[in-house]
Amino acid sequence: MDNYAVRKLKEKIFLSFAWLALLLTAIILVVILGQVVYNGASAINIGFFFERPAPPGEPGGGIGPGIQGTVVLMALASLMGIPLGIIAGIYMAEFSESKLASAIRYFNDVLTEFPSIVIGVFAYTSIVIFMRTFSAIAGAFALAIIMIPIVARTTEESVKLVPASIREAALALGIPRWKTTLRIVLSTARQGTITGIMLSLGRIAGETAPLIVTVGFSFFYFGGFDKPVAALPLYIYTFAISPFESWRSLAWGSALVLVIMVLVVNIVVRTITRQKYR
Amino acid sequence: MKRPSEWRLSTASLSYGKELAPSFFYPTTPEYGGRRIMPKEITGDRVFTWLAAGIGSSVIIIIFLMAYELIKESRLAIDKYGLGFVWGTTWDPVFFEFGALPLIWGTLVTSAIALLLAVPVSIGVALVLSHFSPVRFRFAISFLVELLAAIPSVVYGLWGLFTLAPILRDYIYPPISSTLGSVVPILAPPVIAYSVMTGGVILAIMIIPTISAITRDAFAAVPLAQREAVISLGATRWETARLVMSYARSGIIGATILGLGRAVGETMAVTMVIGNRFEIPSTLFQPGYTMAAIIANEFTEATEDIYLSALIEVGLVLFAVALVINMFAQIIVRRSLKMFRGAVRE
Amino acid sequence: MAYKFEVEQVDAWFGAKQALKQISMKIKENSITAIIGPSGCGKTTLLRCFNRMHELVPDARVSGRLLFDGQNIYDDDVDPVKIRRRMGMVFQRANPFPMMSIFDNVAVGLKMNGVRNKAKLREAVERSLKRAYLWDEVNDALDKSGVSLSGGQQQRLCIARALAVEPEVILMDEPCSALDPTATAKIEQLIMGLKEQYTVVIVTHNMQQAARVSDYTAFLYLGELVEYAETVPLFENPRMELTEQYITGKFG
């Protein structure tokens, strides 16, 4: 049967293409990670984590200020982004039928996908121009805007999973509804919410574009919330496009640190959600 | 890491709907109606309700505020250049002559290249992950693909700068350019490592996880009865895949538009590999520029108000493009998921 | 008389759970064979072994021999795609393709097999729809979506779809369980007409239906074939006590 042979051939072509696509994707991942580890590891020593970057062209130096700055920025962003995100998520879950909630849900998803550089420019126009200086606060503000929709969405999902019986039990004890929600419902939905927070931290740890236009650039350790601050992803960018071999090496080292942070977050999240939803 | 959109879509099936999430804050809800006689609690609840609604609305407010701020701060440029800004082809920070056409062109072309490369690959990946691989491997493979989404943009840029671009220039571009170049003028030699094409390739790699995760969910939602029907007619796996794809067509479209939205706004990786030359190049193997890239690259250098204002206006154009794409994408993705749920329940 | 199927000591599993135990039976050409039994007895699994649909379930396994026209369909070099082409299957719930018109729903199998000739397709679609007693109801609406039809019509559309590829065997998995009595009567009538050209195997939980339409009946219980005989004697005079208890409604 001729036609049968043709069909079988098409099937073979399809299967090889599909598996090739997957293989290609996996190879890209392995190559990127492999290169980051290979090039990054040679840049890393004890001093790498604490020293300031060496002046251009000079060997050695570290990315201490970048690590510190990123931690400061993430903490500051969390302070603003997490509470707002959680409450927005609670609202979406508890009032899921209301028109406002569906509008919020819709724009929340739009915001999730929004270009981070535009968010950075927004932070610039609203904070940097006002304060007349690049600052950690402006950067954290931009990062917080990126966090909110992620935290909100995961909080909503996990609050919705809390069984009605738990709320009713709390209400029956005479606990007011708002307390029930904040204490009992939220603590029951704790795991999902934490997952969302971790995901959002993993995302903002590597965000570079909004920082370029908000925090300036610094070779120094943190000196105040209203001052320019160093950041790991900015170090990667600046050092990578520099012509100096020693700085490029610092860029790879920073990339390794960043990638490890992000991967650890994701593997932990993945393990948690797998146990839960299996 | 799953980027937020994939996260949301793949956990969407876990939300149980309203029966598990009673809107019990409503004072009028019958089961709790008795509480109305306890004014103290009502006050607390009411305050909390308004507070939550206000804070929840912040995501909407942020978007409107963003539009307002961007318009306000680009006023200077808008007034000076008018609509000509959008099709102007000069970018001269010395004599203050600004037009954004090459940037818009660069953004659209890199995104188009990215979609052209990423959509077929993502559909292939999604088909394998949803139906054509042993079930026990699926969790692990999806995780690998999702890790690709977790890698920060700037790391892609670093890798693209030092590894991908040279490889493409030395081994991939020359054969393509020398064979197809005479037929398709935009692929003609010479080839440059840091070019529009490289920007498109790196974007493609970055949006594969987005597109494949959403199409995978759409494919997985195709009812078993549909697949069995076509298999029982003696379909090969390719014919089964065609049925799955045609059933999940709207999911593929939604995923593609979401991928487009991401490609349009992606900044760091493109900035690092596209060459950042302000012109509409004659071939894809020449350097170009994108809207996002010019903001990242020149923002801190812009000291004159009009220069800064022009850059913010570029941001405004990007804002508008991204807003339209994302609003459209969300509507389509929602509708397709709703359709799937309906079909599954049936 | 020739045997269409010869089942020889077939076992089937879902993971660790054995669904069929040492089934052996022969099915005659141009006959209607009913498989009955309480739910969970493995009757659907047996049916799905005939066209190798059972193995689509992850972790599902089959052992033993199942001869189709004398050829073991579980031999290593047999392509299930080829086997399934020669058998049509009708499912418990009508499953027309929602994104296709009525015409395309019937023509899809032929198109897959490379039939491109419009006239040929039209002719085949008309013939199949007529055989499924659906032609008169839909001939002016062939462009409409398949899911615009009523439940009974959808099921007959699915039967037409299975008939269009000119199979030798029709496998039916409780085809009437989701239908009302009128629609059921139509489909039963249709089934009885099919045996002139096809070998029909039908799984049903409805004993009256088995008695009405079939020539042979197999009674399955907990994965084992308890009794297999001509329909009339089996219902009037069962040899096994278990069969009698089942058909008199003592359990099930």
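The values are calculated or read from the model by the stated rules, or taken from the named source; none is laboratory data. Given the structure is predicted, the values throughout are model-derived calculations rather than measurements. A quick note on method: Cβ atoms are made from the backbone with ideal geometry, for glycine too, and the neighbour counts reach across all protein chains shown. These area figures cover heavy atoms from the full protein model, side chains too; ligands, DNA and RNA do not enter into them. Shrake-Rupley method; radii C 1.70, N 1.55, O 1.52, S 1.80 Å.
Data overview
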{"read-out": "Unique match (being open to solvent by 10 Å² or more (accessible area, probe 1.4 Å), within 11 Å of chain A (Cβ to nearest Cβ) and charged (D, E, K, R)) among B:ARG262, B:ARG249, B:ARG277", "value": "B:ARG262"}
{"read-out": "Test: residue in region B:298-313 that is at pLDDT 95 or above, closer than 23 Å to B:ILE202 by Cα and surrounded by 17 or more Cβ atoms within 10 Å (Cβ to Cβ)", "value": "no"}
{"read-out": "Region B:82-95 residues that are over 15 Å from B:GLY315 (Cα atoms), paired with ones that are open to solvent by 100 Å² or more (accessible area, probe 1.4 Å) and at pLDDT below 90 (beta carbon under 9 Å, 6 or more apart)", "value": "B:PRO93/B:GLU301"}
{"read-out": "Unmet criterion (only one of (1) assigned to a helix (DSSP H, G or I); (2) surrounded by fewer than 24 Cβ atoms within 10 Å (Cβ to Cβ)) for B:SER133", "value": "(1)"}
{"read-out": "Test: residue in region A:58-70 that is open to solvent by 80 Å² or more (accessible area, probe 1.4 Å), in contact with a helix residue (DSSP H, G or I) (Cβ under 9 Å, 6 or more places away or on another chain) and either modelled with pLDDT of 90 or more or part of a helix (DSSP H, G or I) (or both)", "value": "no"}
{"read-out": "Failed item in (1) without any contact (Cβ under 8 Å) to a residue 24 or more places away in the chain; (2) open to solvent by 20 Å² or more (accessible area, probe 1.4 Å), with A:ILE82 passing the rest", "value": "(1)"}
{"read-out": "Unmet criterion (only one of (1) surrounded by fewer than 22 Cβ atoms within 10 Å (Cβ to Cβ); (2) more than 9 Å from chain A (Cβ to nearest Cβ); (3) touching a residue at least 60 places away in the same chain (Cβ under 8 Å)) for B:GLN226", "value": "(3)"}
{"read-out": "Residue match in region A:85-96 (condition: at the interface with chain B (Cβ under 9 Å from one of its Cβ atoms), assigned to a loop (DSSP other than H, G, I, E, B) and small (Gly, Ala, Ser))", "value": "yes"}
{"read-out": "Count of residues meeting criterion [more than 17 Å from A:LEU250 (Cβ to Cβ) and facing another protein chain (nearest Cβ under 7 Å)] in region B:142-164", "value": "9"}
{"read-out": "Pairs where the first residue, in region C:91-116, is closer than 23 Å to C:ARG48 by Cα and within 14 Å of chain A (Cβ to nearest Cβ) and the second is part of a helix (DSSP H, G or I) and of a type in the set (Asp, Glu), C-beta under 6 Å, 6+ apart", "value": "C:MET112/B:GLU239"}
{"read-out": "Helices (runs of 4 or more DSSP H) contained entirely in region A:152-218, each with at least 2 residues that are more than 10 Å from chain B (Cβ to nearest Cβ)", "value": "A:164-172, A:190-205"}
{"read-out": "Within region B:315-338, tally of residues that are within 19 Å of B:VAL59 (Cβ to Cβ) and open to solvent by 20 Å² or more (accessible area, probe 1.4 Å)", "value": "8"}
{"read-out": "Close pairs (6 angstrom Cβ cut-off, 6 or more residues apart or separate chains): under 17 Å from C:LEU47 (Cβ atoms) and of a type in the set (A, V, I, L, M, F, W, C) in region C:57-75, open to solvent by 40 Å² or more (accessible area, probe 1.4 Å) and part of a loop (DSSP other than H, G, I, E, B) anywhere", "value": "C:LEU66/C:TYR74"}
{"read-out": "Inter-residue pairs, beta-carbon under 8 Å, first touching a residue at least 12 places away in the same chain (Cβ under 8 Å) and in region C:150-168, second among the acidic types (Asp, Glu) and part of a helix (DSSP H, G or I), 6+ apart", "value": "C:GLN153/C:GLU137"}
{"read-out": "Condition met for B:LEU115 (under 16 Å from the mean Cα position of the chain (by Cα) and either within 30 Å of B:ALA248 (Cα to Cα) or at the interface with another protein chain (Cβ under 8 Å from one of its Cβ atoms) (or both))", "value": "yes"}
{"read-out": "Residue that is nearest to the other protein chains (Cβ to nearest Cβ) [pool: residues in region B:46-87 that are in contact with a strand residue (DSSP E or B) (Cβ under 7 Å, 6 or more places away or on another chain) and open to solvent by less than 20 Å² (accessible area, probe 1.4 Å)]", "value": "B:ALA77"}
{"read-out": "Which numbered condition B:ILE167 fails, given (1) within 13 Å of another protein chain (Cβ to nearest Cβ); (2) open to solvent by 10 Å² or more (accessible area, probe 1.4 Å); (3) touching a Phe, Trp or Tyr at 6+ places or on another chain (Cβ under 8 Å); (4) not aromatic (Phe, Trp, Tyr)", "value": "(3)"}
{"read-out": "Pick from region A:219-241, criterion open to solvent by less than 10 Å² (accessible area, probe 1.4 Å) and of a type in the set (Gly, Ala, Ser), ranking: nearest to the other protein chains (Cβ to nearest Cβ)", "value": "A:ALA240"}
